[in-house]
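Here the structure is laid out as structure tokens; the discussion comes afterwards.
The values are calculated or read from the model by the stated rules, or taken from the named source; none is laboratory data. Computed from a predicted model, the values in this text were never measured in an experiment. Counting neighbours? That spans all protein chains shown, and the Cβs are built from the backbone with ideal geometry, glycine included.
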Amino acid sequence: MNVNQFKEELIAYSKEIGIDKIGFTTAAPFTELKNRLIRQQELGFQSGFEEPDIEKRVNPSLLLEEPRSIIAIALAYPSKMKIRLVSKKGERRGIFSRASWGMDYHHILRDRLKKLEAFILEKVPDARVKSMVDTGELSDRAVAERAGIGWSGKNCAVITPEFGSYVYLGEMITSIPFEPDTPIEDQCGTCSKCLEACPTGALVHGGQINAQQCISFLTQTKGLIPDEFREKIGNRVYGCDSCQTACPANKGKDFHFHEEMETNPEIEKPLLTPILKMSNREFKNKFGHLSGSWRGKKPIQRNAMIALAHFKDETAVPDLVEVLQNEQSPVMKGTAAWALGKIGGESAYTALEKARKTETDIEVQQEIEKGLRMLNT
């Protein structure tokens with residue numbers, strides 16, 4: 001087999017099946033990444049969603065027997081909705097981050113990688129392959145960077161010359177010794193706009209993020225959001241795009257190559273109050289196809305209450321009172337109490353005073369007190 005010729009055939013086929021960019025690198029260990037991951041762990045900057053075994057994250061030979069190369073792929077996603085819905089008084093809307101628009105990208109990339117695998121195995125039946133997207137052991141960004149897909153920006157995203165950082169990434173370890181591509185030189189230079197734009201200062205410095213302070217991470221947690229971050233979440237119900245929208249490399253970048261990624265603004269920019277009353281079935285029917293639904297209904301509902309507080313939406317008070325009075329979850333009740341205090345008004349005050357006399361959960365009691373303090377100042 002002529003490996004160089006096969007590589008060209010694979011590149012051509014990747015374009016046929018809707019892969020926007022493809023790159024190749026060796027299966028050598030990611031030694032520089034290992035040092036960064038160890039340091040991140042020492043500082044307590046991890047999200048907890050990552051593969052816990054650092055060796056597996058940096059050593060492809062632990063994932064596939066005798067690996068020879070890694071193929072990286074990138075698919076560009078839209079940065080603008082074709083139809084613009086406006087949030088207005090009485091009809092306040094939340095927003096899912098761009099990476100959660102359309103069909104869950106895990107399914108889209110796995111489809112492309114599966115087709116790529118089939119093509120390889122048809123031509124080289126004894127080849128060994130292992131594909132992964134996001135939840136796999138390897139770092140998608142580290143692989144993409146080394147394979148020449150783009151450079152690693154100060155916002156910790158891979159930035160491509162063609163599509164900016166609005167790309168989904170996936171990779172495939174193979175036993176075929178493909179010629180590696182040349183990495184792209186860092187083009188961030190002295191620019192620090194992403195660091196300045198981060199609402200919580202989670203971008204500690206260029207290339208390092210404290211996930212525990214990142215809004216994208218916080219919106220995916222299941223507990224009470226720490227006080228210092230609640231107002232900074234704004235109307236985000238899932239994810240955060242601030243460090244991407246601030247990046248000059250993303251200016252004017254908006255690609256609509258894939259039908260599965262197209263948006264329905266009523267879903268990706270949903271009305272907030274209906275979310276509070278959704279059953280599990282209703283939530284799954286409306287949001288289940290989004291990657292942003294992976295943590296379930298409760299985090300989205302909690303974030304929706306924070307968003308309603310952000311807007312000081314008085315029309316939401318009856319719904320928030322209902323959550324405070326009828327919900328079983330301390331997180332939901334506590335967030336509702338805080339939101340009522342933030343919005344204010346006589347009905348909010350009455351509900352909080354009533355709850356103060358009957359609530360037995362300590363966390364919820366604390367949130368009720370916070371709400372009343374806001375109303376009394």
Under 6 Å by Cβ, and 6 or more places apart or on different chains, what pairs join a residue from segment 21-40 that is free of Cβ contacts under 8 Å to residues at least 40 places away in the same chain with one that is of a type outside the set (Val, Ile, Thr)?
29/59
Pull up segment 258-287, narrow it to residues that are loosely packed, with under 14 Cβ neighbours inside 10 Å and not charged (D, E, K, R), then point me to the one that is nearest to residue 157 (Cα to Cα).
285
Filter segment 183-232 down to the residues that are under 14 Å from residue 302 (Cβ atoms) and among the small types (Gly, Ala, Ser) and list them by number.
223
Please go through segment 85-110 and pick out each residue that is out of contact with any strand residue (DSSP E or B) (no Cβ under 8 Å at 6 or more places or on another chain), surrounded by 15 or more Cβ atoms within 10 Å (Cβ to Cβ) and in a helix (DSSP H, G or I).
98, 106
Given the conditions (1) closer than 17 Å to residue 75 by Cα; (2) under 23 Å from the mean Cα position of the chain (by Cα), which single one is not true for residue 116?
(2)
In segment 293-321, residues that are closer than 26 Å to residue 80 by Cβ, in contact with a helix residue (DSSP H, G or I) (Cβ under 6 Å, 6 or more places away or on another chain) and surrounded by fewer than 21 Cβ atoms within 10 Å (Cβ to Cβ) total 1
Only one of these is within 20 Å of residue 234 (Cβ to Cβ) and charged (D, E, K, R): 370, 333, 357. Name it.
370
Going by the conditions given, is residue 155 crowded, with 21+ Cβ neighbours inside 10 Å and out of contact with any His (no Cβ under 8 Å at 6 or more places or on another chain)?
yes
For the condition surrounded by 16 or more Cβ atoms within 10 Å (Cβ to Cβ), in contact (Cβ under 8 Å) with a residue 24 or more places away in the chain and under 22 Å from the mean Cα position of the chain (by Cα), what is the one hit in 60, 78, 67?
78
Can you tell me which of 153, 164 is touching a helix residue (DSSP H, G or I) at 6+ places or on another chain (Cβ under 6 Å), closer than 29 Å to residue 11 by Cα, of a type outside the set (Val, Ile, Thr) and not assigned by TED's automatic domain parsing to the domain that holds residue 329?
164
Quick one: how many residues across segment 17-42 are of a type in the set (S, T, N, Q) and either under 14 Å from residue 56 (Cα atoms) or touching a Cys at 6+ places or on another chain (Cβ under 7 Å) (or both)?
2
Exactly one of (1) under 25 Å from residue 257 (Cα atoms); (2) part of a helix (DSSP H, G or I); (3) in contact with an Asp or Glu (Cβ under 8 Å, 6 or more places away or on another chain) is unmet by residue 79. Its number?
(2)
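Yes or no, residue by residue, for (1) of a type in the set (Ser, Thr, Tyr); (2) under 27 Å from the mean Cα position of the chain (by Cα); (3) closer than 16 Å to residue 302 by Cβ:
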site	(1), (2), (3)
312	no, yes, no
315	yes, no, no
322	no, no, yes
326	no, no, yes
335	yes, yes, yes
339	no, yes, yes
343	no, no, yes
350	yes, no, no
354	no, no, no
Inter-residue pairs, beta-carbon under 8 Å, first within 28 Å of residue 111 (Cα to Cα) and in segment 246-262, second acidic (Asp, Glu), 6+ apart:
255/20; 256/262; 257/20
Consider residue 136 against the criteria (1) at pLDDT 95 or above; (2) crowded, with 18+ Cβ neighbours inside 10 Å; (3) closer than 24 Å to residue 41 by Cα: it satisfies all of them except one. Which criterion is unmet?
(1)
Taking helices (runs of 4 or more DSSP H) that do not extend beyond segment 180-285, which have at least 2 residues that are more than 17 Å from the chain's Cα centre (by Cα)?
193-197, 227-233, 265-268, 273-276
